[in-house]
Amino acid sequence: MGRAFEYRKARKLKRWGNMSRTFTRIGKEITMAAKAGGADPDMNPRLRVLMQNAKAANMPKDTVERAIKKATEKDAGDYKEIVYEGYGPHGIAIVVETATDNNQRTVANVRSYFNKHGGSLGTSGSLSFLFDHKSVFHVKPNETADQEELELNLMDFEGEFEPDEEEWVIYGAFDQFSNLQKFLEDSGLEIISAEFERIPNDYKEVTPEQREAIEKLLEKFEEDEDVQNVFHNMKEEEE
């Protein structure tokens, strides 16, 4: 799955680069998971894997505990996950995932970012054909595991296996996240982190000047507190 590996590698540093934004994003996901499925990670698989994400990002334990506790507070925000899709400058497809307690504020901000940077907000689902929505698990390498058997079993989850010295990356269908998590845990594999990714089916070449304009728009999205993730189909710079 070469294109997925390239995409993940290119996004990784950007994704974890701003630690305060990373902690805010994960904290919000933890609060939503705890509110939906309870504060006990042993009984809440989604919360369990998000706590692993927090650990992988070096998020302080007390920050994680505050995010869980926030789910039980009476004045806790009722976050809703809303996805916005549109085109940035030079025809770059952009998908913006948000978690917000004020949809009017969020959609107004997202629309203004698109408009001010030469793009346009589209309708929901209009760009889904350009991306594969995947469950992605980062797993600690296990020398005793039978990799061939693992690959065969992953077919049940529409999964693919990408071994590496530092970590194994396992892709599965979007709707197989919970099943795949259970399979990996039952198999004795240690999950480092897990997430949903929108992996482009194809990449769009841009000039350095075009890239600069697109990056300005992407940065505006990343700076917004309501934004959880931003995906696009711009080809990354060659190293």
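The values are calculated or read from the model by the stated rules, or taken from the named source; none is laboratory data. Keep in mind it's a predicted model, so treat the numbers as computed, not measured. Every residue, glycine among them, receives a Cβ derived from its backbone with ideal geometry; neighbour counts consider all protein chains shown. Protein only, heavy atoms only, side chains kept; ligands, DNA and RNA dropped before computing areas. Shrake-Rupley method; radii C 1.70, N 1.55, O 1.52, S 1.80 Å.
Against the criterion of being in contact with a helix residue (DSSP H, G or I) (Cβ under 6 Å, 6 or more places away or on another chain), among the aliphatic types (A, V, I, L, M) and in a helix (DSSP H, G or I), Leu218 does not qualify. Going by the structure shown, is Asp132 exposed (fewer than 14 other Cβ atoms within 10 Å of the Cβ), within 15 Å of the chain's Cα centre (by Cα) and under 30 Å from Val107 (Cβ atoms)? Here the answer is no, as Asp132 does not meet what is asked.
Among the residues of region 76-101 satisfying the criterion of being part of a loop (DSSP other than H, G, I, E, B) and at pLDDT below 95, which is nearest to Arg111 (Cα to Cα)?
Going through region 76-101, the residues part of a loop (DSSP other than H, G, I, E, B) turn out to be 76-79, 88, 92, 101.
Add one more test, that the residue is at pLDDT below 95, and what stays is 76-79, 101.
On the way: Ala76: 27, Gly77: 23, Asp78: 22, Tyr79: 20, Asp101: 17 Å.
For region 76-101, the residue satisfying everything is Asp101.
Looking only at residues in region 135-155 that are open to solvent by 80 Å² or more (accessible area, probe 1.4 Å) and assigned to a loop (DSSP other than H, G, I, E, B), the one that is nearest to Ala93 (Cα to Cα) is Lys140.
Quick one: in region 156-184, which of the residues that are hydrophobic (A, V, I, L, M, F, W, C) and either part of a helix (DSSP H, G or I) or on the phi > 0 side of the Ramachandran plot (or both) is surrounded by the fewest Cβ atoms within 10 Å (Cβ to Cβ)?
Taking region 156-184 and keeping what is hydrophobic (A, V, I, L, M, F, W, C), we get 157, 161, 168-170, 173-174, 177, 180, 183-184.
Next cut, either part of a helix (DSSP H, G or I) or on the phi > 0 side of the Ramachandran plot (or both) only: 157, 174, 177, 180, 183-184.
Numbers: Phe157: 20, Phe174: 14, Phe177: 21, Leu180: 24, Phe183: 20, Leu184: 24.
So, considering only residues that are hydrophobic (A, V, I, L, M, F, W, C) and either part of a helix (DSSP H, G or I) or on the phi > 0 side of the Ramachandran plot (or both), the one surrounded by the fewest Cβ atoms within 10 Å (Cβ to Cβ) is Phe174.
Residues that are assigned to a strand (DSSP E or B), more than 26 Å from Arg211 (Cβ to Cβ) and not small (Gly, Ala, Ser) do not occur anywhere in region 112-126.
Take Leu184 and decide whether it is under 30 Å from Lys116 (Cα atoms) and either at pLDDT 95 or above or touching a Cys at 6+ places or on another chain (Cβ under 7 Å) (or both). Even if it seems obvious, please write down each step before you answer.
Numbers: under 30 Å from Lys116 (Cα atoms): no; either at pLDDT 95 or above or touching a Cys at 6+ places or on another chain (Cβ under 7 Å) (or both): yes.
No; evaluated as a whole, the condition is false for this residue.
With respect to the stated conditions, Ser187 fails to be closer than 27 Å to Lys28 by Cβ, among the hydroxyl-bearing types (Ser, Thr, Tyr) and open to solvent by 10 Å² or more (accessible area, probe 1.4 Å).
Here Leu50 meets each of (1) over 14 Å from the mean Cα position of the chain (by Cα); (2) surrounded by 15 or more Cβ atoms within 10 Å (Cβ to Cβ); (3) modelled with pLDDT of 95 or more with one exception, condition (1).
If you go through region 54-75 one residue at a time, do you hit one that is in contact (Cβ under 8 Å) with a residue 60 or more places away in the chain, assigned to a helix (DSSP H, G or I), closer than 30 Å to Tyr113 by Cβ and of a type outside the set (D, E, K, R)? Within region 54-75, one or more residues are in contact (Cβ under 8 Å) with a residue 60 or more places away in the chain, assigned to a helix (DSSP H, G or I), closer than 30 Å to Tyr113 by Cβ and of a type outside the set (D, E, K, R). Residues in region 137-178 that are closer than 15 Å to Glu190 by Cβ, touching a Phe, Trp or Tyr at 6+ places or on another chain (Cβ under 8 Å) and charged (D, E, K, R): Lys140 only.
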